[in-house]
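Single-structure report; data block below.
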Amino acid sequence: MTADSMTADAGPSSSPLRILVVEDEALIALELECLLDDLGYVTVGVACNSSEAIAVGRATAPDVALVDIHLVDGPTGVEVARALAADPRTTVVFMTANAKRIPDDFAGALGVIAKPYSERVVASTLAYVAGCRAGHPPVSCPDGFHPAPAFAAAH
């Protein structure tokens, strides 16, 4: 898939998704930022702790926030997800190896990508999220993405 086909799912005249990366592992954050760029998305910021993530999220109102559970300041990704998901303009997706720490309500997140993840899973999940945001989610969830129970029940 090309970057154009990945972002085209949101509609022909829509602009690419603006994404906030909340990840404290510098190498993973850089790799993810490069992948997002290759896919044609715009990274609005990278944050490694909860206060920075919430501040950047509020300042930039990203379309999507990719949030790790365990950050530099501890397992604070859940509170980050709750804060960012409170803004209806932002869709939160967890990216974590600590899925057991996600509360039953998913803290307002659409779902989770388990680490380690592949580029294909990130690409297909973001295309799925773009479709959901545009009001026409695909029939099935992409492999490697696990929707929040409330979202899965509604679709």
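No lab work stands behind these numbers, since they all come straight from the coordinates. Keep in mind the model is a prediction, meaning the values are calculated, not measured. Using ideal geometry, Cβ is built from the backbone for each residue, glycine included, and neighbour counts are taken over all protein chains shown.
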Once normalised by the length of segment 17-128, the mean sequence separation of its alpha carbon contacts under 8 Å that are 6 or more apart gives a contact order in percent of 22 percent
Rounding to the nearest 20 debye, state how big the charge dipole of the chain is about its Cα centre with +1 on each Lys and Arg Cβ and -1 on each Asp and Glu Cβ. 420 debye
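Work out, step by step, the length gained on full extension between residue 104 and residue 140: first 0.36 nm times the residue separation, then minus their alpha carbon distance; give nm to one decimal.
10.8 nm
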Between residue 97 and residue 59, the two model label points (7 Å from Cα along the beta-carbon direction) sit apart by a distance in nm of 3.0 nm
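How much length would be gained if the chain were fully extended between residue 51 and residue 70, taking 0.36 nm per residue of separation minus their Cα-Cα distance, in nm to one decimal?
Values: separation 19, 0.36 × 19 = 6.84 nm, distance 1.33 nm.
The residue 51-residue 70 span can extend by a further 5.5 nm.
What is the mean projected area of the alpha carbon convex hull for the chain, to one decimal in square nanometres?
Its average projected convex-hull area is 8.0 nm².
Order 70-81, 26-37 from most to least packed using the mean count of other Cβ atoms within 10 Å.
Numbers: 70-81: 19.4, 26-37: 15.1.
Highest to lowest by the protection proxy: 70-81, 26-37.
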Once a ≥ b ≥ c are taken as the square roots of the eigenvalues of the Cα gyration tensor of segment 43-110, is the result rounded (a/c under 1.5), prolate (a/b larger than b/c) or oblate (a/b not larger than b/c)? oblate
To the nearest 20 debye, what charge dipole does segment 70-155 have about its Cα centre, counting +1 at the Cβ of each Lys and Arg and -1 at the Cβ of each Asp and Glu? 100 debye
Given all pairs of distinct Cα atoms, segment 73-140 yields a Kirkwood Rh in Å of 12.8 Å
Work out the FRET efficiency for residue 118 and residue 25 from their Cβ-Cβ distance, taking R0 = 22 Å, and round it to the nearest 0.05. 0.85
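Using a simple charge model, +1 on the beta-carbon of Lys and Arg, -1 on the beta-carbon of Asp and Glu, nothing else, what dipole does segment 41-109 show about its Cα centre, in debye to the nearest 20?
Numbers: 5 positive and 8 negative charges, 8 e Å.
Here the size comes out at about 40 debye.
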Quick one: Cα centre-to-centre distance for segment 60-76 and segment 94-113, in angstrom? 11 Å
If each DSSP helix of 4+ residues adds -39,500 (n - 2.57) and the sum is divided by the residues in the chain, what number results at 222 nm, nearest 500 deg cm²/dmol? -11500 deg cm²/dmol
